[in-house]
Structure formats: C-alpha cells, structure tokens
Amino acid sequence: MAICLPWETALKTNPRLSAVRVLAQVITPKGTGISLRHAIEKPREQLQSAQEKGLFTDISYGVCRHYDLLNHWLGEQLEKPIKPSAWAVKMALLAGVYELWFSSRPAHAVVNQYPDVCRQLKAKWAVGLCNAVLRKAARFDVETWREQQIPQINYSVPGWLWQQWRRQWGEAAALKIAQASSEQAPLTLRFNPQHHSQASALAALESSGIQVRAGELSAQAIYLDEACPISQIPGFNDGHFSVQDEAAQLASSLIEASEQSRILDACAAPGGKTGHLAERFPQAHITALDNEESRLERIHQNLSRLRAQATVICGDASQPEQWHQGGMYDAILIDAPCSATGILRRQPDVKWHRRPQDIEALVVLQRQILTALWPLLAPGGTLVYATCSILQQENQEQIQWFLDQHTEAQEDTPKALNKAQAAVGAQLLPQQQGTDGFYLARLRKTQS
C-alpha cells in the first residue's frame with residue numbers, strides 16, 4: 001500500500017499551499033527556477049475541484065505576473081530580507097498580497113488563510129509576520145502607490161527588457177506593451193472550418209450562453225468575453241474548436257498550398273499550428289517535426305481530437321540530414337524557438353528566467369533553422385517564419401539578414417498585418433483584450 005505523506009495530503013487539500021510550493025520552485029533566489037507550465041501539472045491534478053484548481057492556477061500565474069511589484073512592496077515592509085532558506089515563506093506572503101490586490105476574494109478570508117499556510121510550511125515563526133503584512137496590505141492604497149513607481153516595478157518588467165522595448169518601440173509603445181503584458185490574456189478560440197462557418201461558430205457559442213466576438217485579423221478567431229472551462233465549449237472534444245491566440249492563428253493562415261501539397265510544420269509541439277494546417281488542407285501530406293520526444297504526444301492528442309492526420313516525427317529542425325527522407329516541401333512553417341517576449345501574459349515566469357545573453361543564442365539557433373530548412377523548399381513554394389517575440393533582433397533583423405543572404409527569397413507578407421510597422425515582415429505587439437505579441441514573415445522561393 002502506498003503511503004501518503006503529510007505534505008502530499010496538504011497539497012491535495014490546500015490550493016494555496018500548492019501554489020506557494022510551486023512558486024518556490026519557479027521563482028528562486030538565483031533565478032534558476034523551473035518552468036511554470038511544467039511545475040503546475042502534477043499539483044493541479046492532485047486538487048479535487050474545479051474551484052480549487054482555478055484558485056491554484058490564478059495564484060501561481062498571478063504572482064509570476066506581478067512579482068516585481070509585489071516583491072518591491074514587501075521589501076518596504078520588512079526590517080530585514082527573508083533568508084533564502086525560508087523562500088517558501090516569502091512566496092506565501094507574496095501570494096497573500098497578490099490575492100488581496102488582484103482578486104475579488106474577501107480580504108478577511110485571504111488574511112486568515114495564509115498564517116495556516118505558514119504553519120503547514122513548518123514556519124510557525126512566520127505566523128505573526130504573515131498576519132501583520134497581510135492586514136497592512138488589505139488596508140493599503142495600492143493604486144496611489146503604483147502610480148509613484150517606475151514602469152519596471154509597476155508592470156513587473158526586468159530592467160534589461162524594458163530598455164530594449166523603449167529603444168526599439170519608443171516610450172509610449174513600451175508602456176502599452178508593459179501594461180498589456182501584465183494583464184491576464186483573453187481566451188481565444190479557433191473554429192474548425194470543417195464543422196463551422198464563422199456565423200455558425202458564433203451562434204453555437206452564444207446559444208450555450210457564452211458571449212463572444214469575432215477576431216479582426218484571423219478569419220477563424222473568436223474571442224470570449226469571459227474565460228470559461230473548455231468543457232463548456234460546445235463540440236470542443238469533437239474538434240469543432242481549439243484554443244489558440246489570434247496572432248498565432250495567422251502563422252498557419254499565411255501558408256499557401258494546394259490540396260495535395262507536402263507541408264512541413266517545424267518546431268510543431270504542442271500541435272496547435274499542425275492542427276490548423278490540417279483543417280485548412282485536409283488532403284495535404286503534413287509532417288509535424290519537433291526535437292523533444294516528450295512533446296510529441298501533445299501533437300498526437302491535438303490531431304486525434306480534430307480527427308486529423310499528419311506524420312509526426314522527432315528531429316532537430318536545424319539538422320534535417322538526421323530525419324529528412326528526401327523530397328521537397330511545397331510549404332514550410334517555422335514556429336521558431338524564441339524569447340517568448342510577446343506572450344509574457346501567458347508565460348509570466350519567462351520574465352524571471354530569461355537573460356539578455358539568451359537572446360543572442362536564440363538568434364544563432366533561428367538562423368541555423370532558417371538556413372537548414374530553406375533548401376528543402378520547392379521553387380515557387382512559401383516559407384512562413386513566426387515567433388512569439390517582440391524583439392527586433394529575432395524578427396525583422398533576422399529576416400532582413402536572411403534576405404540579404406538568399407537572393408532567391410522574396411518577402412511576401414501581407415502588409416495589413418504589419419501593425420507595428422516592422423521594416424520587413426509583420427510585427428504585432430500585445431494588445432489588451434486582443435492579440436499576443438507576434439512576428440510573421442512569408443518568404444517565397446523564386447522559380448529557378
């Protein structure tokens with residue numbers, strides 16, 4: 001018989017304690033924490049109800065999203081910093097402050113919960129401190145205080161990233177980016193044209209009591225006014241809808257191919273874009289490639305739900321000699337590894353894990369992938385390069401470099417998508433209740 005340890009029982013019954021333990025693994029004193037998406041998987045499964053899961057997820061993401069703001073205020077309240085050995089206690093204090101400032105939960109309920117979290121962390125010394133800090137936070141005029149903070153603190157943006165945004169997009173745009181990146185992302189769906197027109201998709205959702213609006217850039221995008229569990233989305237399990245940001249939908253939308261074409265989706269996991277390609281080209285021969293074996297199952301799951309077909313293989317996009325079996329592709333989609341600076345509201349832990357030197361390494365890798373896959377594209381074919389980044393060195397500068405190196409490549413990106421006026425390709429910046437930050441460039445190989 002398996003033995004259930006006390007802390008495991010606590011994880012199953014206390015979503016706040018679960019969130020605090022996760023945060024202590026994700027945000028660490030040395031900045032070497034693990035991915036939030038990976039860290040929440042098992043603890044989330046152990047929680048019993050949808051309400052507990054929602055509370056756990058909100059705290060985990062919310063503290064990551066507002067970490068610098070919360071941490072700065074906490075530092076002002078403490079006579080001396082909390083030691084790294086008591087890091088989980090610090091996360092408990094930040095989680096409590098987050099709930100008081102950014103949730104609608106009753107203040108007295110929040111204040112009363114976290115001293116018990118400290119006890120379960122075996123930190124009885126922190127019970128009084130926790131009580132005092134949270135009671136002060138509950139009475140604090142946070143809006144006035146926030147107005148006095150510099151943008152890096154107010155919107156919890158690392159200094160190096162803020163300076164890049166200012167330099168590349170200007171002060172006003174940087175402020176809008178920071179604000180949009182600090183808020184919760186909207187829930188956006190992609191309807192499957194094999195099952196719905198736009199009108200019938202909107203009607204199906206509205207008849208289920210879900211308030212929606214159509215997207216402006218992707219013909220298949222639908223925004224929900226309020227997020228809801230996917231179990232409430234009619235036909236989701238049968239592939240009628242998928243969850244995908246509107247900007248991300250544009251990557252597959254830019255692919256041009258005939259019904260019998262050979263299409264390569266490079267860096268394909270978790271399979272959202274592969275599924276979109278299969279919806280648009282159900283008779284095409286689609287290959288989905290990813291270099292992480294553990295992530296291939298997600299591609300298979302997405303395809304299965306959509307009742308779609310693709311060949312899924314494990315391989316490094318920068319080294320096609322290891323997996324390519326011959327033949328040219330009529331279209332290639334490269335959803336390139338990138339800094340993820342355009343989706344910080346969806347992956348807020350990236351702010352505390354990414355370093356400036358990481359960008360340099362990513363630029364090198366992106367060039368390797370572009371250079372390696374371009375020869376596999378048939379003359380007359382199109383290659384779409386996409387990132388969820390808003391840094392120019394990964395985007396317009398990257399594509400300009402590639403065009404300078406390959407005279408047979410012609411840039412062919414729809415100008416209507418270029419909202420941020422990138423010099424080449426199309427750049428979208430994150431919008432409140434709108435698209436994520438995203439870059440797209442469609443390249444056409446001239447006939448030889």
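Available extension along the chain between Arg119 and Ser231 is 36.7 nm, counting 0.36 nm per residue and deducting the alpha carbon span.
222 nm [θ] for the chain, helices only, -39500 (n - 2.57) per DSSP H run of 4+, per residue, to 500? Show your work: numbers first, answer last.
Values: 20 runs with 202 residues, N = 448.
Rounded to the nearest 500, it is -13500 deg cm²/dmol.
The spread of Cα positions in the chain, taken along each principal axis and listed from longest to shortest, comes to 75, 49, 44 Å. Size descriptors for region 6-149: radius of gyration and Dmax over Cα atoms are 14.2, 44 Å. Rounded to the nearest 20 debye, the dipole size of the chain about its Cα centre is 1500 debye, using +1 on the Cβ of Lys and Arg and -1 on the Cβ of Asp and Glu.
Out of every Cα-Cα pair in region 188-243, what percent are more than 18 Å apart?
Numbers: 248 of 1540 pairs.
Of all Cα-Cα pairs in region 188-243, 16 percent lie more than 18 Å apart.
With a 10 Å Cβ neighbour count serving as the proxy for reagent exposure, in which order, fewest first, do Phe281, Phe56 appear? Intermediate values should be presented prior to the final figure.
Numbers: Phe281 20, Phe56 24.
Least crowded to most crowded, the residues run Phe281, Phe56.
Which FRET efficiency value, to the nearest 0.05, do you get for Ile150 and Lys80 by plugging their Cβ-Cβ distance into 1/(1 + (r/R0)^6) with R0 = 30 Å? Here the calculated transfer efficiency is 0.80.
Rounded, prolate or oblate: which fits region 338-448 when a ≥ b ≥ c are the square roots of the eigenvalues of the alpha-carbon gyration tensor, with rounded for a/c under 1.5 and prolate only if a/b beats b/c? Walk me through the numbers before you get to the answer.
Values: a/c = 2.45, a/b = 1.52, b/c = 1.61.
Note, shape of region 338-448 comes out oblate.
Qualifying GluC sites (Glu not before Pro) in region 252-285, where qualification requires a DSSP coil assignment and no more than 12 other C-beta atoms within 10 Å, comprise Glu259. Between Thr387, Thr311, Thr274, the residue with the greatest mean-square fluctuation in the GNM of the chain (Cα pairs under 10 Å linked by springs) is Thr311. Per-residue Karplus couplings for region 234-243, computed as 6.51 cos²θ - 1.76 cosθ + 1.60 with θ equal to phi - 60°, are listed in order as x, x, 4, 5, 9, x, 6, 9, 9, 8 Hz, Gly and Pro entered as x. In straight-distance terms, cross-link reach from Lys90 covers every one of the lysines whose alpha-carbon lies under 28 Å from its own, apart from those fewer than eight places away in the same chain; here that gives Lys12, Lys30, Lys42, Lys53, Lys80, Lys122, Lys124, Lys136, Lys351. Take the Cβ-Cβ distance between Val127 and Thr13 as r, set R0 to 22 Å, and report the resulting FRET efficiency rounded to the nearest 0.05. That gives a FRET efficiency of 0.70. Take the Cα of Asp238, step 7 Å toward its Cβ, do the same at Thr407, and the gap between the two points is 5.6 nm. Arranged from fewest to most other beta-carbon atoms within 10 Å of their beta carbon, Ile40, Ile399 become Ile40, Ile399.
Averaging Cα coordinates gives a centre for region 356-386 and one for region 168-207; these two points are 27 Å apart.
Report the extension gain between Gln51 and Arg167 in nm, rounded to one decimal, defined as 0.36 nm multiplied by the number of residues separating them, less their alpha carbon distance. Let's see the in-between values first.
Values: separation 116, 0.36 × 116 = 41.76 nm, distance 4.26 nm.
Additional length available on full extension: 37.5 nm.
Averaging Cα coordinates gives a centre for region 138-167 and one for region 268-337; these two points are 40 Å apart.
Counting other C-beta atoms within 10 Å, which of Lys415, Lys53, Lys273, Lys83 has the fewest, and how do the rest follow?
Numbers: Lys415 7, Lys53 19, Lys273 27, Lys83 10.
Final ranking by Cβ density, sparse to dense: Lys415, Lys83, Lys53, Lys273.
What residues from region 228-243 fall in the zone where the backbone N is under 16 Å from a label point 7 Å along the Cα-to-C-beta line of Ser304? Only 237-239 fall inside the zone, counting backbone N under 16 Å.
Enter the per residue convex hull volume of region 256-445, computed from alpha-carbon coordinates, in Å³ rounded to the nearest integer. Present the calculation step by step, with values, prior to reporting the outcome.
On the way: hull volume 24.0 nm³, N = 190.
Value for region 256-445: 126 Å³ per residue.
Cβ-Cβ distance of Arg135 and Ser197, R₀ of 60 Å, FRET efficiency by 1/(1 + (r/R0)^6): the value works out to about 0.65. Size descriptor for region 222-288, Kirkwood hydrodynamic radius: 13.2 Å (Cα pairs only, one decimal). Here the peptides 226-235, 327-336 are ranked by packing, the mean other Cβ count within 10 Å, and the order with the highest first is 327-336, 226-235. Phi-derived couplings, Karplus 6.51 cos²θ - 1.76 cosθ + 1.60 at θ = phi - 60°, listed residue by residue for region 365-374: 5, 4, 5, 4, 5, 4, 5, 6, 8, 3 Hz, with x used for Gly and Pro. Extension gain for Arg213 to Val142 (0.36 nm times residue separation, less C-alpha to C-alpha distance): 22.3 nm.
A short reminder: the numbers here are calculations on the coordinates, not readings from a lab. Computed from a predicted model, the values in this text were never measured in an experiment. Cβ: placed from backbone, ideal geometry, glycine included. Neighbour counts: every protein chain shown.
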